[in-house]
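Have a look at the structure below before the remarks.
The values are calculated or read from the model by the stated rules, or taken from the named source; none is laboratory data. Remember, it's a predicted structure, so these values are computed and weren't measured experimentally. Cβ sites come from the backbone with ideal geometry, for glycine too, and all protein chains shown count toward neighbours. Protein only, heavy atoms only, side chains kept; ligands, DNA and RNA dropped before computing areas. Shrake-Rupley method; radii C 1.70, N 1.55, O 1.52, S 1.80 Å.
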Amino acid sequence: MKNRIAEEWVIFLLAVQFFTRLPVPRDPGWSEARMEATPRWYPAVGLIVGVISALVFWGAVQLLPPVIAALLATGAGIIATGAFHEDGFADCCDGLGGAVTRERALEIMKDSRLGTYGAVGIGLVLAVKVTALATLPVEVVPWLLIVAHSLSRASAVAVIATSSYVRDHGTGKPVASGTSGLWFAALTAVFAAALAGWAVPGTAVAAGLLGLIAGHIAMRRVFEPRLGGYTGDCLGAVQQTSEVGFLLGVLAVLGT
């Protein structure tokens, strides 16, 4: 039992190390098998990032207008993750918007340079996030930040569990080889949804979940037919559109 707990702790630290800029031991115990197991911790990492963003929003809104607090909270999440998911979304926009063939799209998505499609895409996503957060009732925003960050990462895990990875090498990004252990990611998502239901009216949570599902499906319908599966960048794109979808769904109920 102790060995199993220790193993899961290492996998968790690897997930935190790879998907955030938060301090962890320099070498928690990397192995390919452990990296492939990290997806089950994605929603838990999302909870951590969400708590950071929520605390920044709560602290800032005591002294500043909600729009500034929303900007600072969004910035805190980006700093905490090193813009990891935003970069994936931008790469998807560049690759899928600027290429005709599958091969060319994959080539563009590996390019570290930011193109027009990527700049416009990520600018719009961030603008929608900040506007939604600034428009929602102040008292629910910290809770929504925590929940949105967790559930949107669970949305990315759903892609891993139900689609095919299309690259053979060269990305440096972890990809689960199967669904082993992903039940834990599902349980974490259920906990996040329950947390939302405790702090936010049930109709708003339901609308948020519908928005998240819409964002998930919409993004997959963009990249899967073109690529025949997903890449690491696609996971970041799904996380972003799912997060935005959740916030917009809640806003549709609470913002009226």
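Pop out the carbon and sulfur fraction of the accessible area of the stretch 52-123 as a percent, whole number, probe 1.4 Å. Present the calculation step by step, with values, prior to reporting the outcome.
On the way: 2450 of 3610 Å².
That share works out to 68 percent.
Which value in nm describes the separation of the simple spin-label points at PHE191 and VAL51, placed 7 Å from the Cα toward the beta carbon? Here the answer is 1.0 nm between the modelled labels.
What Kirkwood hydrodynamic radius do you get for the stretch 185-248 when you take the inverse of the mean 1/r over all pairs of distinct Cα atoms, in Å?
Radius from the Kirkwood sum: 12.5 Å.
The slack between ARG102 and ILE68, meaning 0.36 nm per residue of separation minus the straight C-alpha distance, is 8.2 nm. Extension gain for LEU210-TRP143 works out to 22.3 nm (0.36 nm per residue, less the C-alpha to C-alpha distance). Calculated accessible area for the chain comes out at 46 Å² per residue, all protein chains present (probe 1.4 Å; ligands, DNA, RNA ignored).
Over the stretch 77-174, the fraction of Cα-Cα pairs per 5 Å bin, rounded to whole percents and listed from the shortest bin up, is 2, 11, 16, 21, 20, 15, 8, 4, 2, 0.
Among complete DSSP H helices in the chain, those whose alpha-carbon atoms stretch at least 27 Å along the helix's long axis and whose mean Kyte-Doolittle hydropathy reaches 0.0 are 42-61, 116-135, 141-162, 202-227, 232-254.
Relative contact order for the chain: what percent, with Cα pairs under 8 Å and sequence separation of 6 or more?
26 percent
The label-point distance for SER112 and ARG26, in a model that sets each label 7 Å from Cα toward Cβ, rounds to 2.2 nm.
Remark on TYR230: its backbone amide H falls under 5 Å from those of SER164, TYR165, VAL166, a criterion applied only to residues 5 or more positions apart or on other chains, H modelled at 1.01 Å from N.
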